[in-house]
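Q: Here it is, the structure, as structure tokens.
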Amino acid sequence: MHWLARLGVLLLALTISASRLEAISIEELDGISFADDPHMLFVPIEEIASALRWEMQMDQESGQISLNGHLLDAAHLRKLTDGTLLVPLDELERAGATITWSNDGMQALVASDHTKIAIPFANKRVEVDLANQRLRAYQGSRLVLDSSISTGREGKKTPAGEFKAGPVKSRMHRSRLYHNAPMPWSVQVHENIFIHGFRKVPRRPASHGCIRLPLTGPNPAKWFYNWIDLGTLISIKGRWPAAASVPAEESPPPAHPFLPKVLTIAIVITIACFMIILFVSRRRGKL
């Protein structure tokens, strides 16, 4: 009977060890969510295909993508501004994955065969670098946006500090301070300081204090607006660029910088000579 007890203990130990190994083997990928559809969770297609060991195919003519033999619905896909394609977890389920959610709904476990991938709704944060004029947005450890910006110029500096997005968030905000100027894809940072789209975003401070994102190309301003949640931490750091490092828009210097001084001296001498001649002439007339 003792050997049966020992065998039971051994089997229990093996079961526990196997469950631990299974838990250790679970890979984790930070998911990407969007404020305009907060209940959907996305992951880069190539990353999840590699993690699940699924075959991914793309038709070069139509641009259609199949994953694990399932043709993805292009209408459900999204992109990062660098062109990375994102697929929602619903499409992975249609492609053959099994998805289970944690009790709080903040993490999905995507399984296929003997592979399991944990995909959480990670926290979002934004970093604004004043010195290098860049904005970077993260979800968990994943960099989801890296864009050039234009912050407040001298006399209208963008304040440094820790802020939270909101409460104002508008597709088209109008400036009450500057002649009702349009501010598309606006997200309030602090008082009258907003992150918003602008048609011209030079890589130097040029605004009245707001943080300008480009509307051109992949439209980082619109992407950022659709992604960021109210309450997202926005950290603004870095010193305002030194004047020497910012190209100033000044008028060109005169071709002969000393010419104005020479003309002034010549005029003064001419007037003095004229006065002397006039004085001498009057003296001679009296004599």
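The values are calculated or read from the model by the stated rules, or taken from the named source; none is laboratory data. A quick note: this is a predicted structure, and the numbers were derived from the prediction, not measured. Here the Cβ positions follow ideal geometry from the backbone for every residue, glycine too, while neighbour counts run over all protein chains shown. SASA here: full protein model, heavy atoms, side chains in, ligands and nucleic acids out. Shrake-Rupley method; radii C 1.70, N 1.55, O 1.52, S 1.80 Å.
Q: Mind giving me the FRET efficiency for Glu27 and Ser141? R0 is 22 Å, r the Cβ-Cβ distance, nearest 0.05 is fine.
A: Once rounded, the FRET efficiency stands at 0.95.
Q: Sort Lys237, Lys156 by heavy-atom solvent-accessible area, probe 1.4 angstrom, most to least.
A: Heavy-atom accessible area, descending, gives Lys237, Lys156.
Q: Another question, if that's okay. So which of Lys169/Lys237; Lys156/Lys200; Lys200/Lys237; Lys79/Lys200 end up more than 25 Å apart, counting from Cα to Cα?
A: Those over the limit do not exist; all pairs fall within it.
Q: Ok, one more. For segment 104-200, with only Lys/Arg (+1) and Asp/Glu (-1) charged at the beta-carbon, what is the dipole magnitude about the Cα centre, in debye rounded to 20?
A: The dipole magnitude comes to about 480 debye.
Q: Would you please give the residues with an amide H less than 5 Å from that of Ile211, counting only those at least 5 places away or on a separate chain, with H modeled from the backbone geometry?
A: HN-HN under 5 Å from Ile211: Phe194, Ile195, His196.
Q: Right, something else. Kindly write out, for segment 43-58 in residue order, the coupling ³J(HN,Hα) from the Karplus curve 6.51 cos²θ - 1.76 cosθ + 1.60 (θ = phi - 60°), rounded to whole Hz, with x marking Gly and Pro.
A: Values per residue, Gly and Pro as x: 9, x, 4, 5, 5, 6, 5, 5, 5, 8, 6, 9, 7, 10, 10, 10 Hz.
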